[in-house]
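Here's the structure we're looking at; comments come further down.
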Amino acid sequence: MNIKSLLLGSAAALAAVSGAQAADAIVAAEPEPIEYVRVCDAFGTGYFYIPGTETCLKVGGRVRFDALYGDAYNPDADGLYTNTRAELYLSTASDTEWGALKTNLTARFDYNPQYDAIDAAGTGIESDGNNTRTRLMVATIELGGFAVGLQDSLYESFIDYAGNVDSDDVINYGPSEVNMVAYTYKGGNGFSAFAALEDDGQNDNDTAGGASDWPNVAAGLKYDTGNFMVGVTGGYDESVEEGAVKARVGGKFGAFTAFLMGGWNSDGDSFNSYAPEIIDGFGWGDWAVWGGAGYEFNEDLAANMQVSYSDSDVLSAVANLQWTPIQGFLIQPEIAYTKWNNATLDDEAWSGLLRFQRTF
């Protein structure tokens with residue numbers, strides 16, 4: 001074999017190897033499959049599947065700005081107050097062999113330039129030093145009718161709150177956020193009932209707070225067709241060994257809605273978690289009543305009013321307009337009047353509110 005033949009053979013072998021490597025280099029890998037977000041309609045509108053799971057997630061919230069002159073809850077308040085609020089809502093749901101497993105979370109953030117001044121006045125409103133407040137409103141786990149965690153007492157929310165006004169609880173009608181263990185039965189024919197153990201954070205020897213000796217007990221039942229509802233709830237406050245019963249009836253008649261609610265306190269000389277304090281160390285007395293109505297002029301404009309009165313001679317009247325020029329955007333002017341007329345307090349207060357709110 002001469003040198004020329006050797007060189008030609010080596011060049012051919014090198015070209016074959018290089019060609020094979022070049023061919024290997026241009027082989028395209030198979031693309032990764034793309035997983036699109038899927039709508040989950042099994043639990044209502046707004047849910048979507050978390051990618052890679054069978055858990056459905058719903059995200060929402062609202063941003064609100066309030067300008068308030070005076071305070072219907074406090075006869076000593078005067079001047080202009082402003083508050084900006086943001087709330088974030090997160091809900092999850094998934095099907096299990098024991099029923100739907102759900103979680104709910106609501107976090108609230110407020111900014112109010114008056115917080116530090118109010119703290120200095122000793123009213124007990126807490127701030128973090130820069131006029132903001134952060135508050136966990138709801139954190140619950142639900143499965144098969146059972147619910148555990150933090151939410152408004154079912155004594156308050158099960159038969160609905162009071163009227164569709166901001167100052168609806170000048171005469172307070174129940175405890176707000178409490179840790180609880182609750183069971184709700186839904187009959188599917190409009191009938192439902194609940195029973196709950198609730199922790200008010202109080203004990204028999206320290207009504208200002210501390211570890212509870214025993215939980216409070218609440219229960220209720222209602223019949224609700226969607227256009228008509230009647231229900232009753234009751235609660236027993238173990239720390240003061242007293243309680244209250246509350247009943248509500250309401251209905252929707254075309255564009256008109258109305259309700260009437262009444263409460264009875266087991267000891268009119270004191271207050272408890274279920275017949276709460278109104279102001280300055282006194283509550284309902286023996287009873288309290290709330291009534292209200294609303295009218296929808298069209299899909300963009302509605303009016304609401306509420307009047308409430310207690311056996312302790314407290315009168316509250318509130319009215320507003322709710323204008324929704326764009327879906328999800330609310331403009332609400334409201335006016336409220338309160339009259340305290342008893343041996344503890346003889347005073348009155350007016351307040352005016354202008355609210356702008358975006359809900360998503």
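For ILE331 and LEU105, a Förster radius of 45 Å and the Cβ-Cβ distance give a FRET efficiency of 0.95, rounded to the nearest 0.05.
Derived scalar couplings between HN and Hα for region 259-275 equal 8, 9, 9, x, x, 10, 9, 5, 9, x, 8, 9, 10, 8, 4, 9, 10 Hz in order, rounded to whole Hz, by the Karplus curve 6.51 cos²θ - 1.76 cosθ + 1.60 (θ = phi - 60°), x for Gly and Pro. If the chain linking LEU315 and VAL249 were pulled fully straight, counting 0.36 nm for each residue of separation and taking away their Cα-Cα distance, it would gain 21.7 nm. Electrostatic bookkeeping for LEU354 treats Lys and Arg as +1 and Asp and Glu as -1; over the other residues with beta carbon under 10 Å from its beta carbon, the sum is -1. Give, as ranges by residue number, the residues of region 50-90 whose backbone N falls under 11 Å from the point 7 Å along Cα→Cβ of PHE43. Counting backbone N atoms under 11 Å from the label point, the list is 50, 54-59, 90. Once all protein chains are placed together, LYS222 keeps about 40 Å² accessible to a 1.4 angstrom probe. Legend: residues PHE194, PHE228, sorted from most to least accessible area (1.4 Å probe; ligands, DNA and RNA excluded), read PHE228, PHE194.
Accessible area of TYR236 (1.4 Å probe, protein heavy atoms only, ligands and nucleic acids ignored): about 100 Å².
Bridging of LYS58 to lysines at a Cα separation below 20 Å is possible for LYS102, once same-chain residues fewer than 8 apart are set aside. Straight-line reach from LYS222: taking Cα to Cα under 17 Å and skipping same-chain neighbours fewer than 8 places apart, the lysines in range are LYS186, LYS246, LYS252. Computed extension gain for ILE50 through THR134, at 0.36 nm per residue and net of the alpha carbon distance, reaches 27.5 nm. Placing a label point 7 Å from the Cα of ASN227 along the Cα-to-Cβ line, the residues of region 250-273 whose backbone N sits under 11 Å from it are 252-255. Model label points for TRP98 and ALA193, set 7 angstrom from Cα along the Cα-to-Cβ axis, are 2.3 nm apart. 3J(HN,Hα) along region 182-198: 9, 10, 10, 9, 10, x, x, 10, x, 8, 8, 8, 9, 9, 8, 9, 10 Hz, from the Karplus curve 6.51 cos²θ - 1.76 cosθ + 1.60 with θ = phi - 60°, whole Hz, x for Gly and Pro.
The values are calculated or read from the model by the stated rules, or taken from the named source; none is laboratory data. Keep in mind that this is a model prediction, so the values were computed, not measured. Positions of Cβ are backbone-derived with ideal geometry, glycine not excepted, and every protein chain shown enters the neighbour counts. When the accessible area is computed, the model is the full protein with side chains, heavy atoms only, and any ligands, DNA or RNA have been set aside. Shrake-Rupley method; radii C 1.70, N 1.55, O 1.52, S 1.80 Å.
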